[in-house]
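What follows is calculated from the coordinates using simple rules that are stated; it is not laboratory data. Quantities reported herein were computed from a predicted structural model and do not represent experimental measurements. With ideal geometry, Cβ positions are generated from the backbone for all residues, glycine too; neighbour counts draw on all protein chains shown.
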Amino acid sequence: MANFGVQIFPTDQTLQPIELARAVEERGLDSLFFPEHTHIPVARTTPFPGGTPLPEWYWRTHDPFTALAAAAAVTTRIKLGTGICLVIERDPIILAKECASLDVISGGRFVLGIGAGWNVEEMANHGASYQHRWKIVREKILAMKAIWTQDEAEYHGDFVNFDPIWSWPKPLQVGGPPVWMGANSKWVFDRVAEYCDGWMPIGGAGHGGMENLQAACEKRGRPVDSVTLALFGAPTNPEQLAGRIDQGFTELIFGLPQGTPAEVLTRLDELAKLAEQFR
């Protein structure tokens, strides 16, 4: 059976995380995802992938881990995830502890949605290399998995390097929180197959989709059904939604408007009714 969740930029101008999380759980939905941008540089030449002027909420969003911790404190059932976390901009040792702490505090409900990002100037302010962003993401995720699963973890790569360390708490979920990759390029399939637990493309399964994912998993010696298929920006048309479920997506994540609290709650009601058609 498919699960249904929502995502929103949790800004200071819309329904706040605590009220939103309560509303999501009360309506019988299954998950809540928050994206991440630490800031947006005023002087920016990188074009917005959406093809429009960059919306203001990109520089107004709360820190996702703070917002998700608040959501965890007032819920007991829904999954809580980043959609996505800009791993490239974070220290992997600190991020590993943040994720493990949130997983323990939430009772094992955290999902780490990841990406490499698109904003060159934003990354540069963190001292991160846009050119090597995917290599860096890979090493940081592998290092974090070592920290989550080993008592004395160490990692030695080109971009991440540390000798044995102690770091607790360990996540409640075996192996650590599931890592879902939020990307949809021709290179994504091998990356998912190598070091992720799920694939979370926006809108659909482009670039050969399921066939390429199957081939990448076979190459890595893992079954394709070990990869969770999550759809970010799931369609609200029932026929299209059914088609995505038939493709194999088991986690359907709808977008919420950056509106007033009343507008967000109204949309939540509509999405909860839509999800009920597929229960």
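For region 88-243, the convex hull drawn through the C-alpha positions has a volume of 136 cubic angstrom per residue. Within region 3-276, what percent of beta bridges assigned by DSSP are antiparallel, to the nearest 5? Roughly 10 percent of the DSSP beta bridges within region 3-276 come out antiparallel.
Over every Cα atom in region 3-276, the radius of gyration and the widest Cα-Cα span, Dmax, amount to 18.1, 53 Å.
Comparing 200, 144, 210 in a Gaussian network model of the chain (Cα springs below 10 Å), the most mobile by mean-square fluctuation is 210. Evaluated with a Cβ-only charge set (Lys, Arg +1; Asp, Glu -1), region 151-202 carries a dipole of roughly 360 debye about its Cα centre, given to the nearest 20. For region 177-230, the set of chymotrypsin sites (Phe, Trp or Tyr not before Pro) satisfying both a DSSP loop assignment and a count of at most 12 other C-beta atoms within 10 Å is given as 187.
Simple rule: put +1 on each Lys or Arg Cβ and -1 on each Asp or Glu Cβ in the chain, find the dipole, and look at 178, 227, 7; the Cα lying farthest toward the positive end is 227. A crude spin-label estimate for the pair residue 239 and residue 187, with each label 7 Å from Cα along the Cβ direction, gives 3.8 nm.
Note on 79, 219: ascending count of other Cβ atoms within 10 Å places them as 219, 79, the fewest first.
This model, with +1 at the C-beta of Lys and Arg and -1 at the C-beta of Asp and Glu, gives region 3-276 a dipole about its Cα centre of some 240 debye. For q = 0.18, 0.35 Å⁻¹, what log10 I(q)/I(0) does region 170-211 give under the Debye formula with an equal point scatterer on each alpha carbon and no solvent? Rounded to two decimals, the profile gives -0.52, -1.30. Per-residue extension of 0.36 nm, minus the Cα-Cα distance of residue 118 and residue 168, leaves a gain of 14.8 nm for this segment. Largest mean-square fluctuation among 253, 202, 114, in a Gaussian network model of the chain whose springs join Cα atoms under 10 Å apart, belongs to 202.
Separation of region 223-263 and region 34-105, taken as the distance between their Cα centroids, equals 19 angstrom. Within region 1-128, all pairs of alpha-carbon atoms sorted by distance into 10 Å bins from zero give the percentages 12, 43, 32, 12, 1.
Across region 140-279, Cα pairs under 8 Å and at least six residues apart give a relative contact order of 15 percent. Taking all C-alpha pairs of region 104-188, those more than 23 Å from each other amount to 33 percent.
Mean residue ellipticity, 222 nm, helices only, the chain: the sum of -39500 (n - 2.57) across DSSP H runs of n ≥ 4, divided by residue count and rounded to 500, is -11500 deg cm²/dmol. Shown for 103, 190, 63: other C-beta atoms within 10 Å of each C-beta, ranked fewest to most, produce the order 63, 190, 103.
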